[in-house]
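Engineer: Could you have a look at this structure, given as structure tokens, before my questions?
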Amino acid sequence: MIPGPPGPAKITLDQESFKALASDVRVGILKVLDDRRQTVTDLSTIMNLSKPTLLEHLEKLQAAGLVKRVDEGRKWIYYELSDKGKKILHPERVSIVVALSTAIGLAALGVVYMISLTFGTLGGAPVGGVPQPQRDSALAEAFAQAAAATGPWLGILMFALAGVAIGAVFLLRRWGDRRRAQFFAQLPVP
């Protein structure tokens, strides 16, 4: 039996993260940085806050690991979301990756299974009309016996499960977008 996909990846929030997210201004900064990276001057203009105030908030977001400072050795210093910050703003993307990986894995298993049914066994599959030497593998033999016993139905089942997993990807994406929109709609932006 093929194990099901693991549960959604958990995002662990420590005390610093909770403190950082407790401020509406810092949540607003995260929302602005979600679009693209910004300088302090850009953030000051967009959010209508003074630069010292923004620097204080950015330091707290950096301490929590939600924002990172990017100094490329030029005149400007940019701030952008860290991976942790992106996961907090877009938790649905983690679930989508898990579901999509499961779909691809199931489809690949289905293809391998159908090929093994077509050519008999994995070890003796003819390539270009020339039979290949048989491998003495207990796994290949067990796979061939299972393929002979179940017929094409197991491959069809794997393809169907892959289709269900791909459908789950689109549903998770839609649900995540709605949830994110509702969450940020209730938070005031200064």
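Engineer: Six or more apart or on different chains, Cβ atoms under 6 Å: show the pairs whose first residue is in region 19-33 and farther than 16 Å from Thr53 by Cα and whose second is buried (at least 18 other Cβ atoms within 10 Å of the Cβ).
Structural biologist: Within 6 Å, the pairs are Leu33/Leu81.
Rundown of residues vs (1) assigned by TED's automatic domain parsing to the domain that holds Asp177; (2) at pLDDT 80 or above; (3) out of contact with any Phe, Trp or Tyr (no Cβ under 8 Å at 6 or more places or on another chain), yes/no style:
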{"position": "Ser44", "(1), (2), (3)": "no, yes, yes"}
{"position": "Lys51", "(1), (2), (3)": "no, yes, yes"}
{"position": "Leu58", "(1), (2), (3)": "no, yes, no"}
{"position": "Ala64", "(1), (2), (3)": "no, yes, yes"}
{"position": "Arg69", "(1), (2), (3)": "no, yes, no"}
{"position": "Ile104", "(1), (2), (3)": "yes, no, yes"}
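Engineer: Okay, next question. Of the residues Phe183, Phe170, which single one is of a type outside the set (A, V, I, L, M) and at pLDDT 75 or above?
Structural biologist: Phe170
Engineer: Of everything in region 33-53, what is among the β-branched types (Val, Ile, Thr) and surrounded by fewer than 17 Cβ atoms within 10 Å (Cβ to Cβ)? Give them in sequence order.
Structural biologist: Thr39, Thr41, Thr45, Ile46, Thr53
The values are calculated or read from the model by the stated rules, or taken from the named source; none is laboratory data. All values reported here derive from a predicted model rather than from experimental measurement. Using ideal geometry, Cβ is built from the backbone for each residue, glycine included, and neighbour counts are taken over all protein chains shown.
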